[in-house]
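Novice: Before I ask anything, here is the structure I am working with.
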Amino acid sequence: MKGIAARIDEWLIAHREEVVGWRRHLHSHPELSHMEYETTNFLAETLEAHGLTPRRFPGTGLMVDLGPDTGDRLAFRGDIDALALTELTDLPYASKVPGVAHACGHDIHTTIALGLACALADNADGLQHGIRVIFQPAEEVMEGGASDVIAWGGLDGVGSIFGLHVEPKLRVGRIGVRTGAITSASDVLQIKVHGPGGHSARPHLTNDVVFALSSLVTQLPALLSRRVDPRTATVLVFGSVNAGYAPNAIPESGQLTGTIRTGDIATWRTLRELMEELIAQVLAPTGCTHELIYQRGVPPVINDDVATAMLADAARVIDPQAVVQAPQSSGGEDFSMYLEHVPGSMARLGCWSGKGRMQDLHQGDLNVDERSIGVGIRLFGSIVEQYSRSASGGGFLT
């Protein structure tokens, strides 16, 4: 009897046009975080057409279970939201929604998860253990959807979870893996600075807010680099500075906004307190006061070593040359929230065609090679088979 991976390969060959059609529909009808209503409807209808019974989450998103109900389930995640960004590709299936686009590849992730679920549904007699496919809303926002999915029971009964993210810096067919942190924590901070203000002819009679802000811009990143191990890749970058309205008046208030990122989870847990300390030290000579509004994001995605080894083995079954070492990204990804609860791993899925320049994520001209969809479905199918073999032998994640 053929293994589940081989059966998924055959299913994919037979349904290739249908699967590509799903992706193009999703790509041309993007929806923002927490607003993925039509996307959720489309996914539910497609799953139901393949004999499945999806469970909708409150609002948007859904999940579907397949296979036996005994034992822990093996879970896969696809994120379904898009970005507030104008598409610039001129593709025949480009976004039909002004100012909204799948410029991060979530349409690819969703199609892979959908293809896996439907392929498994059509070959359900080959499943030896339970599978859960999660279609997560709102990955692109700070109050990400992963925490909601967990609260809604998305990880109940799950023993491990896998995900992937397209990587336009990798040729299609390559799969980037990394044990440990593969992404970074990303927090947002707003620093409000206050002083009495006054005339620019008499700065000695004021607490100069503009001078204080500029001191923070230049000194705070420098001080941070001397208080945090540089190997943690901790970086503070300001994106906006606002104060005043007239050239001859020192304002009473101003603010900075920026992001602070780190690849080390222990450092991440101490950053807020450290920032309070350093800000106070920089501002002390100026006499200005401050208020720090610190918005915690998500921790780094920390891939489990055993799960990552199995993911790499599954990729090599598809192509012995497929696996490459993925660098750690400075971007944030709320898949990390799942890995705070269960072991698992996220891979980088090559999506560069090999022609023209390599593009980047979150850009309006991102054009993903659709061959990466088949690679992703096959990878997930190979993980299912590898998991079955390891679980039957009492090995993987026991």
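The values are calculated or read from the model by the stated rules, or taken from the named source; none is laboratory data. The structure presented is a predicted model; accordingly, all values stated were derived computationally and were not measured. Note that we place each Cβ from the backbone using ideal geometry, even for glycine, and neighbour counts take in every protein chain shown.
Novice: For the range 237-263, enumerate the residues that are within 19 Å of Ser330 (Cα to Cα) and touching a residue at least 40 places away in the same chain (Cβ under 8 Å).
Specialist: Across the range 237-263, the qualifying residues are Thr257, Gly258, Thr259, Ile260, Arg261, Thr262, Gly263.
Novice: Are there any pairs, at least 6 apart or on different chains, whose C-beta atoms fall under 8 Å, with the first in the range 124-142 and in contact (Cβ under 8 Å) with a residue 60 or more places away in the chain and surrounded by 24 or more Cβ atoms within 10 Å (Cβ to Cβ) and the second in a loop (DSSP other than H, G, I, E, B) and of a type in the set (Phe, Trp, Tyr), and if so, which?
Specialist: Pairs that qualify, where the first residue is in contact (Cβ under 8 Å) with a residue 60 or more places away in the chain and surrounded by 24 or more Cβ atoms within 10 Å (Cβ to Cβ) and the partner is in a loop (DSSP other than H, G, I, E, B) and of a type in the set (Phe, Trp, Tyr), are Pro137/Phe57.
Novice: Then there is this: Find the residue count for the range 185-240, including only residues that are among the aliphatic types (A, V, I, L, M), in a helix (DSSP H, G or I) and out of contact with any Ser or Thr (no Cβ under 8 Å at 6 or more places or on another chain).
Specialist: So the count comes out to 8.
Novice: Within the range 30-51, restricting attention to residues that are buried (at least 20 other Cβ atoms within 10 Å of the Cβ) and touching a strand residue (DSSP E or B) at 6+ places or on another chain (Cβ under 7 Å), which residue is nearest to His362 (Cα to Cα)?
Specialist: Pro30
Novice: So which residues in the range 114-149 are more than 23 Å from Lys2 (Cβ to Cβ), part of a helix (DSSP H, G or I) and not small (Gly, Ala, Ser), if there are any at all?
Specialist: If the condition is that a residue be more than 23 Å from Lys2 (Cβ to Cβ), part of a helix (DSSP H, G or I) and not small (Gly, Ala, Ser), then Asp148, Val149 are the ones that fit.
Novice: Out of the residues in the range 165-179 that are surrounded by fewer than 19 Cβ atoms within 10 Å (Cβ to Cβ) and within 17 Å of the chain's Cα centre (by Cα), state the one that is farthest from Gln321 (Cα to Cα).
Specialist: Thr179
Novice: Please state which of the following conditions Ala266 fails to meet, knowing it meets all the rest: (1) hydrophobic (A, V, I, L, M, F, W, C); (2) in contact with a Lys or Arg (Cβ under 9 Å, 6 or more places away or on another chain); (3) closer than 23 Å to Glu333 by Cα; (4) surrounded by fewer than 17 Cβ atoms within 10 Å (Cβ to Cβ).
Specialist: With (1) hydrophobic (A, V, I, L, M, F, W, C); (2) in contact with a Lys or Arg (Cβ under 9 Å, 6 or more places away or on another chain); (3) closer than 23 Å to Glu333 by Cα; (4) surrounded by fewer than 17 Cβ atoms within 10 Å (Cβ to Cβ) applied to Ala266, the lone miss is (2).
Novice: Just the residues that are in contact (Cβ under 8 Å) with a residue 60 or more places away in the chain and crowded, with 24+ Cβ neighbours inside 10 Å, please, taken from the range 81-94.
Specialist: Scanning the range 81-94 gives Asp81, Glu87.
Novice: Restricting to the range 276-291, give me the number of residues that are touching a strand residue (DSSP E or B) at 6+ places or on another chain (Cβ under 7 Å) and either acidic (Asp, Glu) or not assigned by TED's automatic domain parsing to the domain that holds Asp208 (or both).
Specialist: Total satisfying the criteria: 2.
Novice: Every residue in the range 300-331 that is in a loop (DSSP other than H, G, I, E, B) and either basic (Lys, Arg) or out of contact with any helix residue (DSSP H, G or I) (no Cβ under 8 Å at 6 or more places or on another chain) (or both), please.
Specialist: Residues satisfying the conditions are Asp319, Pro320, Gln321, Ala326, Pro327, Gln328, Ser329, Ser330, Gly331.
Novice: Something else about it: How many residues are over 19 Å from Asp107 (Cα atoms), not in a strand (DSSP E or B) and not small (Gly, Ala, Ser) if we restrict to the range 150-173?
Specialist: 4
Novice: Let me ask something else. Write out, first by first residue and then by second, each pair whose Cβ atoms fall under 7 Å of each other, whose residues are 6+ apart or on separate chains, and whose first residue, in the range 41-61, is in the same structural domain as Asp122 (by TED's automatic domain parsing) and in a loop (DSSP other than H, G, I, E, B) while the second is surrounded by 15 or more Cβ atoms within 10 Å (Cβ to Cβ) and polar (S, T, N, Q).
Specialist: Thr60/Thr40; Gly61/Thr40; Gly61/Gln136
Novice: Contact list please: Cβ distance under 9 Å, first residue in the range 164-175 and touching a residue at least 24 places away in the same chain (Cβ under 8 Å), second residue part of a strand (DSSP E or B) and surrounded by fewer than 19 Cβ atoms within 10 Å (Cβ to Cβ), pairs at least six apart or on different chains.
Specialist: Final answer for the pair search is Leu170/Val324; Arg174/Val324; Ile175/Val324.
Novice: Quick check, is Val97 within 27 Å of Val368 (Cα to Cα), modelled with pLDDT of 95 or more and surrounded by fewer than 23 Cβ atoms within 10 Å (Cβ to Cβ)?
Specialist: yes
Novice: Restricting to the range 228-272, what's the tally of residues that are touching a strand residue (DSSP E or B) at 6+ places or on another chain (Cβ under 9 Å), closer than 29 Å to Gly287 by Cβ and small (Gly, Ala, Ser)?
Specialist: So the answer is 8.
Novice: Follow-up. Considering only residues that are assigned to a loop (DSSP other than H, G, I, E, B) and more than 18 Å from the chain's Cα centre (by Cα), which ones fall in the range 339-358?
Specialist: The answer is Ser353, Gly354, Lys355, Gly356, Arg357, Met358.
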